[in-house]
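Take a look at the structure set out below.
Each value in this text was obtained by applying a stated rule to the coordinates, not by laboratory testing. Since the structure is predicted, the reported quantities are computational estimates derived from the model, not experimental observations. Cβ placement follows ideal geometry from the backbone for every residue including glycine, while neighbour counts extend to all protein chains displayed.
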């Protein structure tokens, strides 16, 4: 079976929804539709049938298009079991032990709380793609609105264990500002400097910086490197527990 086609759909100011298309059946799923109109436009343009709406978490800028899209297409809404009461129109609630398939493509569900108490990722292993919502960003991570530093560190560590070639499709275009912050934390990282330059060139042309990859994030995202001795020394936190280091990096980002 061929890999899913993945189409990026800009929404609102800096959100991304993603249309997943199975070329064999012409069936489609959309991840985190902030609003319905841009998604409908791409569905019509591609002439595909929307069968599923996949939500990583409850925030309105990820679920705002749920009900309109469901009314227009009859698509089933899928979201986190631990937060099903806050997912508009939910039909299927999933957690880490759940099995989910779309048009024959199996997604492994990962529980990744921290940004919200009920947050999941959809990992389509065979398509080498993971949809991380607002937990893991390109060069960043989400704010801790409902979770603890320990929860978020565990969630990020879980994602970091995915194969390095896995492409990361996150919820927002934050990479350029994340890069500026990352350089204040990890100023001697040559790979980070090169990546920041690449990001600047992309954004200057108004091009997306998504997807990233797990391998690239392992080397350049300071939030995934809280256990790295060199980064700890740069922060004056040598030997500290990674959760403590992560919490300090997150504190600095919140005030950046």
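Summary value for region 1-94: 21 percent relative contact order, contacts being C-alpha pairs under 8 angstrom separated by 6+ residues.
Sort region 107-148 into rounded, prolate or oblate with this rule: let a ≥ b ≥ c be the square roots of the eigenvalues of the Cα gyration tensor; rounded if a/c is under 1.5, and if a/c is not under 1.5, prolate when a/b is larger than b/c, oblate otherwise. Cα axes put region 107-148 in the oblate bin.
If each residue of separation counts as 0.36 nm, what is the full-extension length gain between residue 25 and residue 197 once their alpha-carbon separation is subtracted?
Full extension from residue 25 to residue 197 adds 57.9 nm.
Between residue 98 and residue 204, the simple spin-label model (points 7 angstrom out along Cα→Cβ) gives 4.4 nm.
Per the helix-only calculation at 222 nm, which mean residue ellipticity applies to the chain, given -39500 (n - 2.57) for every DSSP H run of n ≥ 4 and division by its residues, nearest 500 deg cm²/dmol? Numbers along the way, then the final one.
Working: 9 runs with 87 residues, N = 256.
Theoretical 222 nm ellipticity from helices: -10000 deg cm²/dmol.
What order, most packed first, do the peptides 99-112, 2-15, 57-70 have when packing is the mean number of other Cβ atoms within 10 Å of each residue? Show your work: numbers first, answer last.
Values: 99-112: 18.1, 2-15: 15.9, 57-70: 21.1.
The most tightly packed comes first, giving 57-70, 99-112, 2-15.
Calculate, in nm to one decimal, what residue 91 and residue 165 gain on full extension: separation in residues at 0.36 nm each, minus their alpha carbon distance. The partial results should precede the final answer.
Numbers: separation 74, 0.36 × 74 = 26.64 nm, distance 3.19 nm.
Difference between extended and current length: 23.5 nm.
Computed over the chain, relative contact order equals 13 percent, with contacts defined as Cα pairs under 8 Å that lie 6+ residues apart.
Each distinct pair of alpha carbons in region 1-124 adds a 1/r term; the inverse of their mean, the Kirkwood radius, is 14.2 Å. Only alpha carbons enter this Debye calculation for the chain, each as an equal point scatterer, and the log10 of I(q)/I(0) it gives at q = 0.12 Å⁻¹ is -0.67. Spin-label pair residue 157-residue 252: with each label point 7 Å from Cα along the Cα-Cβ axis, the two points sit 2.1 nm from one another.
Please sort 148-160, 199-211 by packing, taking for each peptide the average over its residues of neighbouring beta carbons within 10 angstrom, highest first. Please report the intermediate quantities before stating the final value.
Numbers: 148-160: 19.5, 199-211: 13.9.
Highest to lowest by the protection proxy: 148-160, 199-211.
Site pair residue 37 and residue 71 shows an inter-label distance of 1.5 nm when each label is modelled 7 Å from Cα along Cα→Cβ.
For region 1-83, DSSP calls about 60 percent of its internal beta bridges antiparallel. Length gained on full extension, residue 190 to residue 47, computed as 0.36 nm times the residue gap minus the Cα-Cα distance: 47.1 nm. The GNM of the chain, with springs linking C-alpha atoms under 10 angstrom apart, assigns the highest mean-square fluctuation among 35, 217, 146 to 146. Beta bridges from DSSP with both residues in the chain: antiparallel share about 65 percent, rounded to the nearest 5.
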